[in-house]
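Please read the structure below before turning to the comments.
The values are calculated or read from the model by the stated rules, or taken from the named source; none is laboratory data. Just so it is clear, the model here is predicted, and its values are computed rather than measured. Note that each Cβ is placed from the backbone with ideal geometry, even for glycine, and that neighbours are counted across all protein chains shown. These accessible areas exclude ligands, DNA and RNA; they are computed on the full protein's heavy atoms, side chains included. Shrake-Rupley method; radii C 1.70, N 1.55, O 1.52, S 1.80 Å.
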Amino acid sequence: MRKQQNFKWNTLSLGTCYYPEHWDESLWKEDLKRMLAHGIQTIRIGEFAWSKVEPREGEFTFEFFDRFLEVAAQTEIKVIFGTPTATPPAWLTNAYPEVLNCRMDGVKFRHGMRRHYNYNSPIYQKFCKRIVEKFGEHYAKHPSVIGWQIDNEINCEVDEFYSESDTLAFREFLKEKYKTLDALNQAWGAVFWNQEYTHWEEIYVPRTTIHNSTNPHQTLDYIRFVSDSAVRFCKMQSDILRKYVKPGDFITTNGMFQNLDNHRMTDEALDVYTYDSYPNFAYCLCEDPKHSKNLNDRRWSDKLTEVRSICPHFGIMEQQSGANGWNTRMEAPAPKPGQMMLWAMQSIAHGADYVSFFRWRTCTFGTEIYWHGILDYDNRDNRKLAEVKRIYDRVQAIQETAGAENQAAVAVVKDYSNIWDAKVDVWHQRLAWSSEEEIFLASQVNHTPMDYVYLLDSTEVEELTRYRVLIYPHGLILSERKAALLKAYVEEGGCLILGARTGQKDENGKCVMMPMPGLLAEVTGSDVREFTFVGPADDKVNMNWNGILLDTGIFNDILEPIGSNAKVLAEYAGNYYKGQPALIENPYGNGKVLHFGGTFTQENVKALLEYVGVLKPYCDILELPKDCEITAKEKEGRTYIFVLNYVEEPQEIFIKRAVKDMDTKEQVQGKICLGAYETKVYEL
Ligand code: GAL
């Protein structure tokens, strides 16, 4: 069973990110008072301010933040203090260049940006331990301090590490894991292309190769190593802070980034997880063309759903409050009137109890001059500040929803081996990313709240049986343990939906020599005879399910029933395997498995969810247009429904029986119109 989170906010509250070092001290008091007047009661400070405390190696001075905390105490603003390790100072990187991270070809990243360090340099660890100790020892007892943020956005900007220290640490990681080189050579299939190692010193973190094609099994272990390094770096800091943190105060870090087991980091090092939510990336002008435009800012609900799987009651450490941009990258417009409220409500609807806006005022210098805060450079009151106050008033009206549990009948199963294998293996990636997107879209447009649930070392079947339906889209990598958990889930009455390529690989990412779905074949009562990508020339391949044609996506496993009770529900209606099974249902224990040979699309997910009886769980209570999202939360026997309109056009919803509008406290029913970006919260 996963560890329960140590800390929960017991009310909904607002905060902002403040950088005392960016402003003249004469502004501090006025700023904090103005925050309070607009409903902001907490600030985060300090996370990049190493040289304010250690301006030269070994010289410590605490006056700057002492003076600031005095102002915080006078104004009664609460403070989350950051450890400053994301920005080692110039004196440090200059004297000890081995603390710097490197590109894959070994060239060092130089001073001038942030997160330029590596986690494994013993020298960097020594300096970090000392500065964290100094911060904790001096500031944690201050009555205004209520919590700590470790570093800033671990694995943001760079999530690959290629320094000398990383290679040395990677070897130790591998020695611990494999004990012998024989075992490592075996696990990595090193006989392929003469990669067999005869000395540990021959092993490096992946290095530049032709096409940058590295051994996939090595790279999978390398990602595990990066994650392990990041978690250990975070834990190193929290172990120090623990000595000083006052009872009731918390330790967090702000995420959520890649090549990182965020669940393990939370369980081992944090009391609560926080997330940085920037939905306006959806409108970025210079965006990565691979990034999906589907649903725009509503896509952040997918990320928030993921955050909820890490920590059910989380905080937003940075909630967008202005246009985005650095001087070197990213250009996104300002939130339109109402969007700050919408995005704050989106966070709350998905499980956030604390929402902190980034940042109080836009910086007038540095890389982030276009990363706008609530206030602009001119420091005048503006419509964003007024909107913050409206958010505060709104939050008071829905205070009783604080700490409520999000509800979902269906969850998508994930695990880190498969997420990371999909980064290494483009075949896997194509399937995994496409299905994840389509399942999310299907759940959104069909108003079917969903969760993510991770198969972790600590996961027990009770964490799965909370859901009537689980979809494990493409569990290529199966282990005995994961298969046993899923089997137990079905035995206890769960309904498991599996997609193409389930059971193709082992935990090293090597293909297994058994028919798919491998370790799950007993539960699925089915087998995979053959498989293929749906090539561009094939257009699309439908399956025929009771006379209805449904697209089977981009990859097809051609199935065969093998269990005596296995029943073919649908057959492929095209390509050379026309008439062969595409979807097989098998009863097992008290539950059942649907083994689907394709990848998921909005339409087939809708049909599957309808078939298993979890589509649109609130349709008896309200009808919604497609541009509105619905989430549901429960607390002490009461259910709260959040309805969010993501578009400028008014949206009409229809409430079929009287419910309480949490803002007006009145019973409402019938047609209700939500204006531009408007949100509603109802108690059933
Ligand atoms: C976040 C980061 C902040 C700030 C902001 C705008 O990723 O945590 O420190 O940099 O983005 O770039």
- Query: If you rank Arg501, Arg2, Arg390 by how much accessible surface each has, with a 1.4 Å probe, what is the order from largest down?
  - Reply: Arg390, Arg2, Arg501
- Query: Measuring from the lowest to the highest alpha carbon on each principal axis, how far does the chain reach, largest first, in angstroms?
  - Reply: 77, 74, 44
- Note on the structure: Per the rule of 0.36 nm per residue minus the C-alpha distance, extending Lys671 to Glu137 adds in nm 186.4 nm
- Message: Once R0 is set to 41 Å, what does the formula 1/(1 + (r/R0)^6) return for the Cβ-Cβ distance between Gln4 and Glu98, expressed as a FRET efficiency to the nearest 0.05?
- Response: 0.55
- Query: Given 10 Å bins starting at zero, what is the percent of C-alpha pairs of the stretch 410-611 in each, up to the one with the largest pair distance?
  - Reply: 9, 39, 41, 10, 0
- Task: Place +1 on the Cβ of every Lys and Arg and -1 on the Cβ of every Asp and Glu in the chain, take the dipole about the Cα centre, and give the residue among Phe192, Ile131, Gly475 whose Cα lies farthest towards its positive end.
- Result: Ile131
- Which distance in nm do the two modelled labels at Ala386 and Glu623 give, with both placed 7 Å along the Cα-to-Cβ direction? 3.7 nm
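Send over a whole-number figure in Å² for the accessible area per residue of the stretch 405-505, probe 1.4 Å.
Per-residue value: 31 Å².
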- What ranking do 204-211, 573-580 get when scored by the average of other Cβ atoms within 10 Å per residue, highest first? 573-580, 204-211
- Item | Debye, to nearest 20: dipole size of the stretch 1-74, +1 on Lys, Arg Cβ, -1 on Asp, Glu Cβ | 680 debye
- Query: Largest first, what is the accessible-area ranking of Met236, Met1 with a 1.4 Å probe?
  - Reply: Met1, Met236
- Which pairs, out of Lys414/Lys482; Lys505/Lys592; Lys482/Lys505; Lys179/Lys482, put more than 18 Å between their alpha-carbon atoms? Lys505/Lys592; Lys179/Lys482
- Query: Listed highest first by mean packing, meaning other Cβ atoms within 10 Å per residue, what order do 223-235, 14-26 come in?
  - Reply: 223-235, 14-26
- Message: Just to check I understand the Karplus step: with θ = phi - 60° and J = 6.51 cos²θ - 1.76 cosθ + 1.60, what whole-Hz values come out for the stretch 166-171, glycine and proline as x?
- Response: 5, 4, 4, 6, 4, 4
- With a 10 Å radius around each residue's Cβ, average the other Cβ atoms per peptide and rank 617-628, 547-558, 443-454, highest first. 443-454, 547-558, 617-628
- Just tell me which lysines come within less than 17 Å, Cα to Cα, of Lys235; anything on the same chain fewer than 8 places away is out. Lys3, Lys126, Lys129, Lys134, Lys243
- Item | Karplus-derived 3J(HN,Hα), 6.51/-1.76/1.60, for each residue of the stretch 368-377, Hz, glycine and proline x | 9, 5, 9, 8, 7, x, 5, 8, 8, 4
- Query: In terms of Cα to Cα distance under 25 Å, which lysines are near enough to Lys384, apart from those fewer than 8 places away along the same chain?
  - Reply: Lys29, Lys33, Lys78, Lys303, Lys336, Lys680
- Specify, per residue and in Å³, the volume enclosed by the convex hull of the alpha carbon atoms belonging to the stretch 405-471. 87 Å³
- Message: Can you list residues from other chains, or at least 5 along the same chain, whose modelled amide H is less than 5 Å from the amide H of Leu569?
- Response: Leu583, Ile584, Glu585
- Note on the structure: the stretch 1-133 accessible area per residue, 1.4 Å probe, protein heavy atoms, integer Å², reads 42 Å²
- Task: Please find the FRET efficiency linking Lys660 to Ser292, where r is the Cβ-Cβ separation and R0 is fixed at 30 Å, and quote it to the nearest 0.05.
- Result: 0.25
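With N set to the number of residues, divide the alpha-carbon radius of gyration of the stretch 622-683 by 2.2 N^0.38 Å and report two decimals.
Cα Rg divided by the expected 2.2 N^0.38 Å: 1.06.
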- Message: I'd like the distance separating the alpha-carbon centroids of the stretch 113-131 and the stretch 347-381, in whole Å.
- Response: 28 Å
- Note on the structure: Given a Förster distance of 22 Å, the FRET efficiency implied by the Cβ-Cβ spacing of Lys175 and Lys235, rounded to the nearest 0.05, works out to 0.60
- PRE reach from Lys567 (point 7 Å along Cα→Cβ): which of the stretch 592-610 fall under 19 Å by backbone N? 592-597, 607-610
- Theoretical gain in end-to-end length, Arg481 to Ile210 [0.36 nm per residue, Cα-Cα removed]: 93.9 nm
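Treat every Asp and Glu Cβ in the chain as -1 and every Lys and Arg Cβ as +1, leave all other atoms uncharged, and give the resulting dipole magnitude about the Cα centre to the nearest 20 debye.
Magnitude of the dipole: close to 780 debye.
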- Once Val426 and Arg110 are pulled to full extension, the length gained, defined as 0.36 nm per residue separation minus their Cα-Cα distance, is 110.6 nm
- Of every hundred units of 1.4 Å-probe accessible area on the chain, the number belonging to carbon and sulfur atoms, as a percent, is 51 percent
- Task: Starting at the first residue of the stretch 588-599, write each ³J(HN,Hα) from the Karplus equation 6.51 cos²θ - 1.76 cosθ + 1.60 with θ = phi - 60°, in whole Hz, x for Gly and Pro.
- Result: 8, x, 8, x, 7, 10, 10, 9, 10, x, x, 9
